[in-house]
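The values are calculated or read from the model by the stated rules, or taken from the named source; none is laboratory data. Here the structure is a predicted model, which means the values were calculated and not measured. Glycine also receives a Cβ, built like all others from the backbone with ideal geometry; neighbour counts cover every protein chain displayed.
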């Protein structure tokens, strides 16, 4: 697709299909008994998002590597709570956390359905979906909406570049539209400061410890005065700066870790090209037939009809 003023919708796919899995009853099943709640929910999310936001293109960004080794090498605690507390008998390495038993069989079906719709599923080895999103958001010359329940992606918000986040914490159909004003109101920092803010605050869900004694309020205050982590660390080394003694000592004690956490928190912008994007278009007769057959096989009820209608607008 030619890069231009077209509006691009980037889906944090795992965030959405986990939300669908836990939000849609598992009583939805295919004729063969396979639970299809995540499949149905994800596809309904797609039709809702296309209806509400009218993108010219959609990309389903995929976790080909949900815990990249390079991030683990930098910060061994990265996502450790998401791996089983057992080791592979051959390698001794921690075994990767499995998706819920009823979700795992649905993930390839989700990818298959997106393929029928002409929505590219894009992942890269050594990269998380966040990195694919960060790369495409940075490279796209036009408006970008990032659909996610992950606060880490707030670092991509850029009013000048027309990049915003549709934050799904309250649901996909009522997602918060996160722009610079939203981030200022919520956290007291600018979007370009958010990665440094998140580094200091830490994130237990990702195994990022943060800086001891620095929560959101203190992190925002420090960034307001010293602008970024480089400025904050330099001020901590200056005994005449305004940083309070306890916070100063914590920053000095964590100086090396800060640099590591900062690298882990920042999403990459170099994992793929915009050539992966395809224009969103009404389904061809062949696609409609394939979607109808897919829907019948997996007991999707009215979902295919809603998708055809959304993609025809």
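Which of the following residues is in contact (Cβ under 8 Å) with a residue 60 or more places away in the chain, in contact with a strand residue (DSSP E or B) (Cβ under 9 Å, 6 or more places away or on another chain) and outside the structural domain of residue 45 (by TED's automatic domain parsing): 198, 137, 129? Steps first, answer last, please.
Details: 137 fails: outside the structural domain of residue 45 (by TED's automatic domain parsing); 129 fails: outside the structural domain of residue 45 (by TED's automatic domain parsing).
Only one candidate passes the filter, namely 198.
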Requested in this report: Could you please find all residues in segment 20-38 being crowded, with 21+ Cβ neighbours inside 10 Å and under 18 Å from residue 149 (Cα atoms)?
Outcome: 20, 21, 38
Requested in this report: Kindly indicate whether residue 276 is buried (at least 16 other Cβ atoms within 10 Å of the Cβ) and touching a residue at least 40 places away in the same chain (Cβ under 8 Å).
Outcome: yes
Report summary line: Within segment 201-225, residues being within 16 Å of residue 78 (Cβ to Cβ) and either outside any helix (DSSP H, G or I) or in the same structural domain as residue 151 (by TED's automatic domain parsing) (or both) number 6
